[in-house]
1. Of the residues G208, G172, which single one is of a type outside the set (K, R) and more than 15 Å from the ligand (Cβ to nearest atom)?
2. Filter segment 312-348 down to residues that are small (G, A, S) and modelled with pLDDT of 95 or more and give me whichever is surrounded by the fewest Cβ atoms within 10 Å (Cβ to Cβ).
3. If I filter segment 193-200 for residues that are touching a Phe, Trp or Tyr at 6+ places or on another chain (Cβ under 6 Å), not in a loop (DSSP other than H, G, I, E, B) and not aromatic (F, W, Y), do I get at least one hit?
4. Looking only at segment 74-86, how many residues end up being surrounded by fewer than 20 Cβ atoms within 10 Å (Cβ to Cβ) and near the ligand (Cβ under 9 Å from one of its atoms)?
5. Would you check if there is a residue in segment 221-237 being farther than 30 Å from S100 by Cα, without any contact (Cβ under 8 Å) to a residue 24 or more places away in the chain and part of a helix (DSSP H, G or I)?
6. Within the bounds of segment 87-107, is there any residue that is within 16 Å of the ligand (Cβ to nearest atom), under 26 Å from Q194 (Cβ atoms) and crowded, with 17+ Cβ neighbours inside 10 Å?
Amino acid sequence: MTKPLLRALAGERLPVPPAWMMRQAGRYLPEYRATREQAGDFLSLCYNPDLATEVTLQPIRRYAFDAAILFADILLVPQALGADLWFVTGEGPRLSTITSADDLARLGGKDDIHDTLAPVYGTVSNLASALPENVALIGFAGAPWTVATYMIAGRGTPDQGPAHALKEEDRGTFEALIDLLTDATVEYLDRQVQAGAEVVKIFDSWAGSLTGDDFAHYAVAPARRITSELKTRHPGLPVIAFPRGAGEKYEGLHAEIGADCIALDDGVMAEWAAAHVQTGGCVQGNLASRHMVSGGPDMDAEIRRIRDAFSNGPHIFNLGHGITPDADPDNVARMLDVLREDATVGAG
Ligand code: CP3
């Protein structure tokens, strides 16, 4: 096992941390915008294996990243279960809503998703043969809670209010939806691994809005079940869990979820996370995305601070959330230079 990303996930401390970026294939790159134009719209791009492969590879050609992440979206699973899905330019996703047991009953089952998702598996297998040998291939899915927040509201929401309301008012339907998404996510990620994904990441973007016991029940438990079922089917498969906004609940999560790596958002200090989270295993993160827009000495200093804080254990360098469309592509190259040059100097 020589790929640096896989070595870090196996718990190895490397002199230079492997690096990649959430949303590294995205609108900040002119070549992405051109391919998306060619595809017509975002979903057509997701379901076109040739073009999805192309956009996944674009940041790999431009920068020396240690990983590529499959180009797709977490909302393809609800669509494969039968929800309507479309994207409104400048606003984000829209879905048909799930607010009752009747709505839920109209969805398909966990094994009905593969016809819709077959093109995604095609993208993964294209990538498995196209990537340079030192670059690891990451597959992903949304975590059940985060996906449910979009399905229940029919769109993104600032506080996940409709999902919290369904949880309080009709817990049976809410939990049945979480269970269905957990089961479907296992099948989806299993197929990605069969197609060639070497690592899987579970994105729980709205985990931070789960308080009290809800965090254990609806963020930790589904991630633990997905992780353990995948590891039963694929022994040794590395899993990255990203319960964004977990705050002090990041502590202990490696063991609670059974994940190899916990991804950190930029709401926690690297120095705190090194002492309280990295003790459990590999961590990923956590440069604030805004530095990719502003660059300059502040960015350089933050990269060094985060790298140094995590330098005593396994670490994968990344942002705390996705890179934004207004980021400067030159800052990405600079980020990798700062991360690597200084570490080499320091190690020498
Ligand atoms: O990281 C990657 O580059 C892999 C591909 C990827 C996308 N979305 C592509 C995308 C991944 C891993 C995601 C995850 C995703 N999708 C999440 C979880 C991570 C997060 O950001 O919190 C969520 C919540 C979604 C749902 C989603 N997709 C939203 C809310 C939006 C609209 C917001 C926006 O940025 O426009 C998307 C669209 C989307 N997904 C884009 C990309 C590149 C932009 C689409 C475009 O080209 O217009």
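1. Working: G208 fails: more than 15 Å from the ligand (Cβ to nearest atom).
Sole residue among the options that is of a type outside the set (K, R) and more than 15 Å from the ligand (Cβ to nearest atom): G172.
2. Initially, segment 312-348 is screened for residues small (G, A, S), giving 313, 320, 322, 327, 333, 343, 346-348.
Next cut, modelled with pLDDT of 95 or more only: 313, 320, 322, 327, 333.
Values: G313: 17, G320: 22, G322: 18, A327: 24, A333: 13.
The selected residue is A333.
3. At the first step, the residues of segment 193-200 found to be touching a Phe, Trp or Tyr at 6+ places or on another chain (Cβ under 6 Å) are 195.
Remaining after also requiring not in a loop (DSSP other than H, G, I, E, B): 195.
Next cut, not aromatic (F, W, Y) only: 195.
Yes, that holds for at least one residue.
4. Qualifying residue count, segment 74-86: 1.
5. yes
6. So far as segment 87-107 goes, no, none of its residues is within 16 Å of the ligand (Cβ to nearest atom), under 26 Å from Q194 (Cβ atoms) and crowded, with 17+ Cβ neighbours inside 10 Å.
The values are calculated or read from the model by the stated rules, or taken from the named source; none is laboratory data. Quick caveat, the model's predicted, so the values are computed rather than measured. All Cβ positions, glycine included, derive from the backbone under ideal geometry; neighbour counts span all protein chains shown.
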